[in-house]
Structure formats: structure tokens, C-alpha cells
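All of the numbers you see were taken from the coordinates with simple rules; none came from a lab. Because the structure is a prediction, the values reported are computed rather than measured. Cβ: placed from backbone, ideal geometry, glycine included. Neighbour counts: every protein chain shown.
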Amino acid sequence: MYDTLPIGVFDSGIGGLTVLRSLAARLPGEDFLYLGDTARLPYGTKTAATVERYALQAVEVLLRRGVKAVVVACNTASSAALPALTAAHPALPVIGVIEPGAAAAVSTTHSGRIAVIATEGTVRGGAYQREILRRLPSAQVMAVPATLFVALAEEGWTAGEVAEAAARRYLQPLFADAATAPDVLVLGCTHFPPLTAVIRAVVGDAVRIVDSAATTADALAALLGDRLQPSGHSHGASRFLVTDGEERFARVGPVFLGSPIKPEAIERVDLS
């Protein structure tokens, strides 16, 4: 049956596993097929046209494997490719991470001052800024590229002097003046949640940090409605497709997923 097909999850690499983690927790009756385009990451420094082409290729692979919906668990791809994906596959439920993250930021802020840290591509594309302002036209949105965080997370350097120095460099200018500082910080890249502790140390306890993974899971549940399987339907199995580096994916992936990844659950695919 259509409803028993897995949910496809797509990211440029490993960071989208933070979204898969929230999806699996929110939808325990579902199976998931995760695709990480590890051979071509990062997407954040590439042009929108290139990211759109990569995303279309990735979704084609997921559809050939049989999925009932796709979560674009990559902020850059959500920003650059979501319209093209929905146009190419009008009958396929497709959801990105930007709209749920923007909605959470707007519902949380008291001052209307919202900061977004993301990759260069996501900041340049302006998707978070547009979505936040569409919901709250009076908002003051500050978007800062924090590209080095991607490499730190990929290497597992989520604590220590290097991570702390990077967090200070990116964030201290935004939060130095308490009178004008944002009260909400959106983690606009799925690689960033493992760095939450060092980010929190810089911005302080009063700032609400928004990770769009949990709100994306809620949005997907609402989108699929009665097409979701009840809890207990399966073991919530996840399979993984990568375009390169299976061994590294199995080694580093658990930092993002929060649980081990068996090497036999990983398969290499070619998107070209």
C-alpha cells in the first residue's frame, strides 16, 4: 500500500540526520529512507541553480526507491529548490525546513528581533528573512553566514577552543548590546544543532534557540494526516543512501542522529 512506503529525507550530507532524529521520534510508526549527497557537499557555497539541479536528482532517486513523501532536510536546498521540486512532482508531499523554522521563530519572539545563522547560500537566498517577515512584517531579521560551523560539525569538533572561538566570532557582534540584541536565534542549518552548547555559551540563557527539526516533524505529521502509520506499525526502520564515504557516514552520522548507524544499512548511489 501507498501508506506503508517510507518517508524520504534528503540532505546535502550528514546534517539532515538531526531532522531524521526528530522525524523518527515524532512519527514512530514510519520507516525512513535518508539520502545524503556526501560527494557534493557543502551546498551552502554553491549557486542556487546548482543546488536546484542536485535536489531534483536526489528526489528522483528517492522516488525510484519508493517513498510517499519527501522532507528536504537541508536549509540551502529548501531555500533554492523547493519550488522546483513541488512543480516537478505536484502529487508528492514535499516539505522543507525553512517555513516551520520561521513559524517557530515568530511564535517565540517577544521583541521582534530575530537572528538567523545559516550557510552563505541560505543567507544569500533570503528565504528565512522572507518567511519571517511574511508572518511578522514588523520583525527585525539579522541573518549571518556561519559556514565554518558546517565543517566543525562534520569533523565532530562541536566543543573546545576552536568551536568556541568560531561561535564568538559569528555571534558576539549580534548579541553584544543587550538593548538591541535578538531574543530568538534560528539555527538555519541542519549541521548546527550539535554546536548548541557553544552557541548557548555566547548568546546567554535568555535567548530562545530555534531548531527547525522538531517543528518540521510536526508540519509533516499535519501534512500527511491519515496517511501516517500508527505507532507500532513497524520498528521505525531507517535506511541510508550516500553518494560517497560510507565509512565516514557510519562513523560521524551518530553525532547527528543520536544513535548508531549500522554499516550494512548504508548504500552508495550515483545521482548523476
Legend entry - Restricting segment 63-86 to residues that are touching a residue at least 60 places away in the same chain (Cβ under 8 Å) and part of a helix (DSSP H, G or I), the residue that is nearest to TYR34 (Cα to Cα): ARG65
Inset, instruction - Report whether or not ARG64 is in contact with a Leu (Cβ under 9 Å, 6 or more places away or on another chain) and farther than 15 Å from GLY96 by Cα. - result: no
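Working only within segment 34-55, note down all residues that are aliphatic (A, V, I, L, M) and either under 15 Å from THR190 (Cβ atoms) or assigned to a loop (DSSP other than H, G, I, E, B) (or both). Spell out the reasoning first.
Of the residues in segment 34-55, the ones aliphatic (A, V, I, L, M) are 35, 39, 41, 48-49, 51, 55.
LEU35, ALA39, LEU41, VAL51, ALA55 - these are the residues of segment 34-55 that are aliphatic (A, V, I, L, M) and either under 15 Å from THR190 (Cβ atoms) or assigned to a loop (DSSP other than H, G, I, E, B) (or both).
For segment 1-33, which positions are in a loop (DSSP other than H, G, I, E, B), surrounded by 24 or more Cβ atoms within 10 Å (Cβ to Cβ) and among the charged types (D, E, K, R)?
Here is the first cut: in segment 1-33, the ones in a loop (DSSP other than H, G, I, E, B) are 1, 5-6, 12-16, 27-31.
Checking the rest, the ones that are also surrounded by 24 or more Cβ atoms within 10 Å (Cβ to Cβ) come to 12-16, 30.
Listed by number, the list holds a single entry, GLU30.
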